[in-house]
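The values are calculated or read from the model by the stated rules, or taken from the named source; none is laboratory data. Computed from a prediction, not measured in an experiment: that's the story for all the values here. We place every Cβ from the backbone using ideal geometry, glycine too, and count neighbours over all the protein chains shown. With ligands, DNA and RNA removed, areas are computed over all heavy atoms of the protein, side chains included. Shrake-Rupley method; radii C 1.70, N 1.55, O 1.52, S 1.80 Å.
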Amino acid sequence: MNDLLKNVLEAHGGLERWNQFGTVRAQIVTGGGLWPLKGLIQDPAPRQMTVSLREEFASVTPFGQPNWRTSFRPERVAIETLDGEVVRERMNPRASFDGHTMSTPWDPLHRAYFNGYAMWTYLTTPFFMALPGFEVREIDPVNEGEETWRGLRVRFPSQYASHSDEQDFYFGSDFLLRRHDYHVDVAGSFPAAQYVGKMVEAQGIKLPSQRRAYVRGPDLRPVRDLLMVAIDLSDVCFS
């Protein structure tokens, strides 16, 4: 483990504390321009997001109907009732995005898959980087205003679902997350720069409660007029 990652993990609460927990739950409110591009209606209603810290599993409720929820794993995504009855499911869901562009319409299972892997990544950052199989190395920093943010490039193991195989994470002088860059492979592989803020602490773990993802220009700068996804988190609880 490189020194930057060690400092980053400690700044966010430390692996010892993180390993005391198995699940995190949070209330989320989402918006942004991606949803209408995909033919989806995104309302401002808060939803409950749950992810596992030891395996890539995520679920959000309500989803579509008041008594429905999602069940996401890399190899399967489903919409089910709160009693566990399957409403719809899709095996090998990643293949259903083949040939998609930024504006290709999504059905509810596409959305459930995207939501599942994205929120799992966000709610476990940076601690997932210490899991077996993740390759992490320091990259050139980026300058933001008068600040310099150091970067880590992470290569995801093939069994994990995420935006892209390689993703970049940038940290301030306090070693807390400031920015997350990636390509959205399930939507034509457009480049994104996601800025995070309003850090909160829950049971000793620090994480951003605000995320704003923009289309990223060729100079690595965000196109501020193209806000794709906005996420606000509250009521974070580890168990």
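When the Karplus curve 6.51 cos²θ - 1.76 cosθ + 1.60 is applied with θ = phi - 60°, which whole-Hz ³J(HN,Hα) does each residue of the range 222-239 get, with x for Gly and Pro?
x, 8, 5, 7, 10, 7, 8, 9, 10, 9, 10, 10, 8, 6, 6, 9, 9, 8
Using a 1.4 Å probe, how large is the accessible area of residue 98, given in Å² and rounded to the nearest 10?
120 Å²
Answer rounded, prolate or oblate for the range 1-60, using the Cα gyration tensor with square roots of eigenvalues a ≥ b ≥ c: rounded when a/c is under 1.5, else prolate when a/b is larger than b/c, else oblate.
Here the range 1-60 falls in the prolate category.
If you take every residue apart from residue 188 with its C-beta less than 14 Å away from the C-beta of residue 188, what net charge results, scoring Lys and Arg +1 and Asp and Glu -1?
0
Based solely on its DSSP helices, what 222 nm [θ] is calculated for the chain when runs of n ≥ 4 H residues each add -39,500 (n - 2.57) and the sum is averaged over all residues, nearest 500 deg cm²/dmol?
When only DSSP H runs of four or more count, the value is -4000 deg cm²/dmol.
So for the pair residue 137, residue 17, with labels modelled 7 Å out along Cα→Cβ, what separation do we get in nm?
3.2 nm
So how many Å³ per residue does the convex hull of the Cα atoms of the range 11-144 work out to?
Taking only Cα atoms, the range 11-144 has a hull volume of 164 Å³ per residue.
For residue 6, go through the lysines and keep the ones whose alpha-carbon is under 16 Å away, minus same-chain ones fewer than eight residues off.
Partners within reach: 206.
For a quick check of understanding: with a 1.4 angstrom probe and all protein chains in place, what accessible area in square angstrom does residue 156 have, to the nearest ten?
Ignoring ligands and nucleic acids, residue 156 comes out at about 10 Å².
Please say if the range 63-117 is rounded, prolate or oblate, where rounded means a/c under 1.5 for a ≥ b ≥ c the square roots of the C-alpha gyration tensor eigenvalues, and otherwise the choice is prolate for a/b larger than b/c and oblate otherwise?
Since a/c reaches 1.5 and a/b is larger than b/c, the shape of the range 63-117 is classed as prolate.
Tell me, what is the FRET efficiency for residue 89 and residue 166 to the nearest 0.05, using R0 = 30 angstrom and their Cβ-Cβ distance as r?
With a Förster radius of 30 Å, E is 0.50.
Could you please tell me the mean projected area of the C-alpha convex hull for the chain, averaged over all directions and given in square nanometres to one decimal?
Projected area, direction-averaged: 12.4 nm².
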